[in-house]
1. Which residue pairs have Cβ atoms under 7 Å apart, sit 6 or more places apart or on different chains, and have a first residue in region 39-64 that is over 19 Å from residue 9 (Cβ atoms) and a second that is at pLDDT 90 or above and not in a helix (DSSP H, G or I)?
2. Specify the residue that is modelled with the lowest pLDDT; the eligible residues are those in region 38-71 that are closer than 13 Å to residue 24 by Cα and assigned to a loop (DSSP other than H, G, I, E, B).
3. Can you find a residue that is of a type outside the set (Val, Ile, Thr), surrounded by 12 or more Cβ atoms within 10 Å (Cβ to Cβ), at pLDDT below 80 and under 15 Å from the mean Cα position of the chain (by Cα) anywhere in region 88-95?
4. Considering each of 122, 74 in turn, give the residue that is surrounded by 10 or more Cβ atoms within 10 Å (Cβ to Cβ), closer than 30 Å to residue 13 by Cα, at pLDDT below 85 and not basic (Lys, Arg).
5. Just give me the residues in region 66-80 being within 18 Å of residue 22 (Cβ to Cβ) and over 12 Å from the mean Cα position of the chain (by Cα), in sequence order.
Amino acid sequence: MDFSVLPCRILITEWGKVEHAAITRTGDKKNTMSFDGSRDIPWAIKQEIQNEIFGENRIAIEVFPETKKLVDVLDVYHLWIFPKGFSLPFGIHPTRDKQCRVVNRGIPKNIDGLVEGGAEMLGINNENGKCQRID
């Protein structure tokens, strides 16, 4: 798979200089948009691109905007890369990342399909076959 990475712009924000980059799959000049997902770029490839071009010690995010601000005319993926040393006020790793107050959204009605560890992340205790919220 071949990809094109276009550094679009540098934004001056309250967090410092944030770089905006656009990533797209190349090699198919006829098709710039797929409706079957065939031109999607896997997460691991985006992570590799971010590491190789911007550095392994930088945080990048991909934004999924509210519908009224959505621009979806080509299979282009946008990353915003934060300055070195920047850290988000939250993270996905419960012991290594900054943590903030969590609002429990309740217990799913059917927890049979939860992946291993998913119940803990949702604040569910499943001891002795009984499900209950962890407060």
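1. So the pair list comes out as 57/84.
2. By that ranking, first place goes to 38.
3. Yes, region 88-95 has at least one match.
4. Being surrounded by 10 or more Cβ atoms within 10 Å (Cβ to Cβ), closer than 30 Å to residue 13 by Cα, at pLDDT below 85 and not basic (Lys, Arg) holds for just one of 122, 74, which is 74.
5. 69, 70, 71, 72, 73, 74, 75, 76
The values are calculated or read from the model by the stated rules, or taken from the named source; none is laboratory data. All figures in this text were calculated on a predicted structure; none of them were measured in a lab. Cβ atoms come from the backbone with ideal geometry, glycine included; neighbour counts cover every protein chain shown.
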